[in-house]
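A.B. asks: Attaching a single structure in structure tokens format; questions to follow.
No lab work stands behind these numbers, since they all come straight from the coordinates. Given the structure is predicted, the values throughout are model-derived calculations rather than measurements. Cβ placement follows ideal geometry from the backbone for every residue including glycine, while neighbour counts extend to all protein chains displayed.
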């Protein structure tokens, strides 16, 4: 069990920086998610930790051990691949045994360890089955058992849930989380699904175009996003363009004065707030930020209702409210005041 | 919707007719090899196994059979020895000219057999003129030409096998601690083994049934089975030839059935 430290990691493919100066420490025993859209560099980063891709620059450490130039098969990582990559010509038990076989462990110890792993993922009865005969969820458990059988320093998972339907995903991600915590193993998993990352990761590293934008718990990222990208990627976010004019003071691009909490350097920026922290009312609320808006459309999302509004500056803002609270639904075309609390306002560049 | 609508019935009938058309000649040949009459008449007056005995007793058929067998065996070995590493290199590595090489290795399949036969013969003569080394009319020359026909089959089948094997299994093996050699023997090879076996079968069949190249390259006094059959047909049409053909049909049929068990042949294309 070790921590994983990436220092100034870079990966260039010709002119393109697939991973651009990423530094990150994954703490011992933690489950960290690398989250971002396709092409952001998260999979490349994971593959560099695994050793399939050599970084163009930077170092990787497992605990105190530097592994930047160590080849894959000597790194002692356990990896679960997208699609699981179980060996089709071997039974479940033999799949799990594979890593032990190449380490020349004696027969008894191997058998013991395999039995232990089967029990751990609750597939004792499937030991002699062929991977083809298993369901997606079962295959994933075998892949996990196989990776963990070798007692790796780090567990890596490459979009482990993408091949499954929504219901199974929710169930399996909890299972993986429980197993990971039970083993206490340092783990990194890659996903493009924000909900997944927020549901099970201890911390999330948000990546965009090769850069690591922010690392933090789901709560931190949601409440205090460091950049416009993170604000928009984690949940929905309203952005009002303008500039910071003083301590906690913001002026929109058409001159309206707003306030926010926190400190920010003077200059151009965007004021953000989440749709669920906003409300629509007849009047301007003095304790809160307000903007006059016209409702453009109303969408029912089941338990929530979403209002799409336009400011007098042409900016689109969203307000979501619990459908139960809405009462007499304001109709499209109505002019109202969009209010939100100062505490829920933050500024990004 | 009724279970047997007219359209569906007509379609089934069409399929049945096609099968009759395809299999008919084969079935007639096999049946005819047991006819008792010296001339092929229908209906036959009786049945016998004499023709098989007679065929085996005739030198050209017995020798032809043995030579075809030997050449096919050698051609298969060469086809595998060259084709399997080639397929591995092409599917697992990238290097300049890769696709060109792939097409070159597959190309013997695209050339009409008689054209290829003539071309190889001319090539051998040229080689002999330039170096004094004789290949035409030799066993070696014949084996090399047959390997040429067999090689594309190995390439096709092993490449198809490698594609389905996919690199992720190999990466998984490496992540678990296997080095390159262990990965090859423990993961890649077992996965492509069905493809290799099918390649062996197909190479054998391709070589055994070849007529055109053998016609050009066979030495004086020697013959392969297909050539012997063609020669015999020029003068006689008795059930001996049906017997010989039946033997060939069964050998090749068995080869195909065994191959199909290892590799779903439909996937190779």
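A.B. asks: Let me check I have the definition right: for the stretch A:4-228, take the eigenvalues of the Cα gyration tensor, multiply each by 5, take square roots. What are those semi-axes in whole Å, largest first? Spell out each step's value before the answer.
C.D. replies: On the way: eigenvalues 178, 83, 46 Å².
So the three semi-axes of the stretch A:4-228 are 30, 20, 15 Å.
A.B. asks: Once the stretch B:59-268 is represented by equal point scatterers at the alpha-carbon sites, with solvent omitted, what log10 I(q)/I(0) does the Debye formula produce at q = 0.09, 0.10 Å⁻¹?
C.D. replies: -0.42, -0.51
A.B. asks: Further, regarding this structure: Between the helical axis of A:166-183 and the dominant principal axis of chain A, each derived from Cα atoms, what acute angle in degrees is found, rounded to the nearest 10?
C.D. replies: Helix A:166-183 sits at roughly 60 degrees to that axis.
A.B. asks: Separation of the stretch A:35-68 and the stretch A:229-245 by C-alpha centroid, Å?
C.D. replies: After rounding, the separation between the Cα centres reads 30 Å.
A.B. asks: Which percent, nearest 5, of DSSP beta bridges in the stretch A:90-215 are antiparallel? Mind showing how you got there, number by number?
C.D. replies: Details: 4 of 9 bridges.
Taking every DSSP beta bridge within the stretch A:90-215, about 45 percent pair in antiparallel fashion.
A.B. asks: Cα-Cα pairs above 42 Å in the protein assembly as shown: how many percent?
C.D. replies: Working: 98051 of 190653 pairs.
Result: 51 percent of Cα pairs exceed 42 Å.
A.B. asks: Can you compute the helix-only [θ] at 222 nm over chain A? Use -39500 (n - 2.57) per DSSP H run of at least 4 residues, normalise by all residues, nearest 500 deg cm²/dmol. Before the final figure, lay out each step's value.
C.D. replies: Details: 9 runs with 88 residues, N = 349.
Rounded to the nearest 500, it is -7500 deg cm²/dmol.
A.B. asks: Normalising by the residue count of chain B, find the relative contact order in percent from Cα pairs under 8 Å and 6+ residues apart.
C.D. replies: On the way: 316 pairs, mean separation 83.8, N = 269.
Computed value for chain B: 31 percent relative contact order.
A.B. asks: Just for the stretch A:4-228, what percent of DSSP beta bridges are antiparallel, to the closest 5? Let's see the in-between values first.
C.D. replies: Numbers: 19 of 37 bridges.
About 50 percent, rounded to the nearest 5.
A.B. asks: Then there's this: Where a ≥ b ≥ c are the square roots of the eigenvalues of the C-alpha gyration tensor, would you call the stretch A:216-349 rounded, which needs a/c under 1.5, or, failing that, prolate if a/b is larger than b/c, or oblate?
C.D. replies: Values: a/c = 1.97, a/b = 1.34, b/c = 1.46.
Judged from the Cα gyration tensor, the stretch A:216-349 comes out oblate (a/c at least 1.5, b/c at or above a/b).
A.B. asks: Would you work out if the stretch A:127-199 is rounded, prolate or oblate? Take a ≥ b ≥ c from the square roots of the eigenvalues of the alpha-carbon gyration tensor; rounded if a/c is under 1.5, else prolate when a/b is larger than b/c, oblate otherwise. Present the calculation step by step, with values, prior to reporting the outcome.
C.D. replies: Working: a/c = 1.91, a/b = 1.08, b/c = 1.77.
The shape class here is oblate.
A.B. asks: Now for a different question. I want to check the label-to-label distance for residue A:287 and residue A:227. Put each point 7 Å from Cα in the C-beta direction and report it in nm to one decimal.
C.D. replies: It works out to 3.6 nm between the two label points.
A.B. asks: Hey, another quick one. What do you get for the angle between helix B:189-208 and the principal long axis of chain B? Use alpha-carbon atoms, 0 to 90 degrees, nearest ten.
C.D. replies: Long axis of B:189-208 versus the principal axis of chain B: about 30 degrees.
A.B. asks: Modelled label-to-label distance, residue A:308 and residue B:54, 7 Å Cα→beta-carbon offset: nm?
C.D. replies: Here the modelled spin labels are 8.9 nm apart.
A.B. asks: Give me the angle, in degrees from 0 to 90, between the Cα long axis of helix A:107-120 and the longest principal axis of the Cα atoms of chain A, rounded to the nearest 10.
C.D. replies: Approximately 30 degrees, to the nearest ten.
A.B. asks: If you look at just the Cα atoms of the stretch A:1-86, how large are its Rg and its Dmax in Å?
C.D. replies: Calculated on Cα positions, Rg and Dmax stand at 12.7, 36 Å.
A.B. asks: Here is a further query. What is chain A's relative contact order, in percent, from Cα pairs under 8 angstrom and six or more apart in sequence? Intermediate results must be reported in sequence, preceding the final value.
C.D. replies: Values: 741 pairs, mean separation 56.8, N = 349.
Here the relative contact order equals 16 percent.
A.B. asks: Starting from the Cα-Cα distance between residue B:8 and residue B:185, subtract it from 0.36 nm times their residue separation and give me the gain in nm to one decimal.
C.D. replies: On the way: separation 177, 0.36 × 177 = 63.72 nm, distance 5.00 nm.
So the chain would gain 58.7 nm between residue B:8 and residue B:185.
A.B. asks: Further question on the same structure: For the stretch B:31-75, what does the relative contact order come out to in percent, with C-alpha contacts under 8 Å and a separation of six or more? Numbers along the way, then the final one.
C.D. replies: Working: 24 pairs, mean separation 11.2, N = 45.
Once divided by the residue count of the stretch B:31-75, the mean separation gives 25 percent.
A.B. asks: So what's the gap between the Cα centers of the stretch A:163-198 and the stretch A:260-317, to the nearest angstrom?
C.D. replies: Each part's Cα centre sits 34 Å from the other's.
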